[in-house]
Amino acid sequence: MVRVLKEHKGIVLVGLLGVFACLGLARFAFGMILPDMQINLHMNATQAGIVGSANFTGYFLGLFVVGRWYAKFGPRNLIFLSLLAQAVGMLSMALSSNYLIASAFFVFTGFFGALANISIMTFIAQSVPLHMKGRATGIVMMGIGLSVILSGIITPTVSALVENPWRISWAIFALLVFATSVLSFFKISKNPTLFHDQSHNDDALTLAYIFKSCPFWQTGILFFIFGSCAIMFMTFFVAALEEAWLLDAKVSGIFWAILGVSSLFSGPIFGMVSDKFGRHVTLGILFGLQGFAHLLVAFNVPLYGFFISAAIFGLSTWAVPSIMATLSSELFGSKHTARILAIITLFFGVGQMIGPLVAGVLRDLKGDYSLAFTISTFLLWSGVFIAFKGCKNGR
């Protein structure tokens, strides 16, 4: 990790802060403000699920254009403009009077979130040599953990000071995203030097060739499972915790901070593991750990079990997107990283739209979140089998 930081510290730092903003603050911090937002806007769990899924509807739509726009505008311009648009969307969402208006602005935020995230991860994957990609992208994903920690501090603090604290918290997050957009513009070179792997035939890549690849489908299915389950966990973990134990935002913020602290180690640790033992083997390990974290919530364990669940989830989760970015660079050559990552992320996009919505509906039907987390546990442990099974033509 030290070597990655020394040789590519500027690139890695910009990537870390970009992920901190576009994914961490603009999406995953939503889980921390959701309980107060539900009360203020009189939303049931299904409506909350609609708002959560709205972000990923926008994210899904953004995946269809990011490859072309990345090639057309370059990483600096696309990252800057996408983060700027996210900040505007978040500020508008903070002024929403009902869940439908909030959903509309969250679609907008999600669309530019896809552009920002794919551009950042592509830029990182193309900017470092092959043997460092797992570690570099893993370090970048620490941005999510930092945002979770920060939101776990800011939201309870604001809750103790003002009415409608979710609006103020969300506006603060929007301003931080804006600041990151400005920083990225000045720190990313207009014509950055990109590292391209020449071991693949970069000129012969067609959709038919991609869709005949077993590793591609293996990776895509795993990303779908991850999108369905991880986003559901991030959306409803705090709500499930507060519902089961009648906790206030301050106590819930402690759990959120635990999740964030443990997630700081996810990318760097499992990035190095994937560099040594392979990407899909590492994904199998991660899915097994995530399944256990979901299982603890499903069975409504004693309070200390939620601490364990938060820690394991944080440790095992945010290495997955970084490994997917690395795989996208390796499957068909780094020149096509943006295109392959966008296609693979379509699987993630479908999953992240379905997961929160289905979990919210099941909560309203059953009266608690146990069934939703039981199903996600089963899906994640199915993913362990898919990851370890491998492909005959896999790398």
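Which of the cysteines in the chain are isolated, no other cysteine C-beta under 4.7 Å?
Cysteines of the chain left without a disulfide-compatible partner: Cys22, Cys229.
How are the Cα pair distances of region 1-158 distributed, in percent, across 10 Å bins from 0?
Values per bin, smallest distances first: 11, 37, 33, 15, 4, 0.
Taking a temperature of 25 °C and a viscosity of 0.890 mPa s, what whole-number D in µm²/s does Stokes-Einstein yield for the chain with Rh from Kirkwood over alpha carbon pairs?
D, rounded to a whole number, is 120 µm²/s.
Explain nothing, just the number: relative contact order of the chain, from Cα pairs under 8 Å at least 6 residues apart, as a whole percent.
27 percent
Could you give each residue of region 305-314 its phi-based ³J(HN,Hα) in whole Hz, using Karplus coefficients 6.51, -1.76, 1.60 with θ = phi - 60°, and x for Gly or Pro?
So the J values, rounded to whole Hz, are x, 5, 4, 4, 4, 4, 5, 5, 4, x.
Report the full-extension gain for the segment Val88 to Asn164: residue separation times 0.36 nm, less the Cα-Cα distance, to one decimal in nm.
Going from the current span to full extension adds 25.4 nm.
Apply the Karplus parameterisation 6.51 cos²θ - 1.76 cosθ + 1.60, with θ equal to phi minus 60°, to every residue of region 275-282 and state each ³J(HN,Hα) to the nearest whole Hz, in sequence, with x for glycine and proline.
5, 8, 10, x, 6, 6, 4, 5
Could you list, in their original order, any pairs among Lys190/Lys276; Lys72/Lys389; Lys276/Lys335; Lys187/Lys276; Lys366/Lys389 whose Cα atoms are separated by more than 27 Å?
Too far apart for the 27 Å limit: Lys190/Lys276; Lys72/Lys389; Lys187/Lys276; Lys366/Lys389.
Per-residue counts of other Cβ atoms within 10 Å, averaged by peptide: what ranking do you get for 266-273, 67-74, highest first?
My ranking of the peptides, most packed first, is 266-273, 67-74.
Would you work out which of Gly58, Ile39, Ala338 lies farthest towards the positive end of the dipole of the chain? Charges go on Cβ: Lys and Arg +1, Asp and Glu -1.
So the residue furthest toward the plus end is Ala338.
Given charges of +1 on the Cβ of Lys and Arg and -1 on the Cβ of Asp and Glu, with all other atoms neutral, how large is the dipole of region 1-103 about its Cα centre, in debye to the nearest 20?
500 debye
Could you compute Rg(Cα) / (2.2 N^0.38 Å) for region 290-395, with N its residue count?
1.27
Stretch Asn44-Phe211 to full length: gain in nm at 0.36 nm per residue minus the Cα-Cα span?
Answer, rounded to one decimal: 56.1 nm.
Any chance you could list P(r) for region 226-316, counting all Cα-Cα pairs in 5 angstrom bins from zero, rounded to whole %?
Percent of pairs per bin, in order: 3, 14, 24, 25, 16, 9, 5, 3, 1.
Semi-axes of the equivalent ellipsoid for region 346-395, please: Cα gyration tensor eigenvalues, times 5, square-rooted, ordered largest first, whole Å.
Its equivalent ellipsoid spans semi-axes of 29, 14, 5 Å.
FYI, it's all coordinate maths here, none of it is from the lab. These numbers were taken from a predicted model, which means no experiment stands behind them. With ideal geometry, Cβ positions are generated from the backbone for all residues, glycine too; neighbour counts draw on all protein chains shown.
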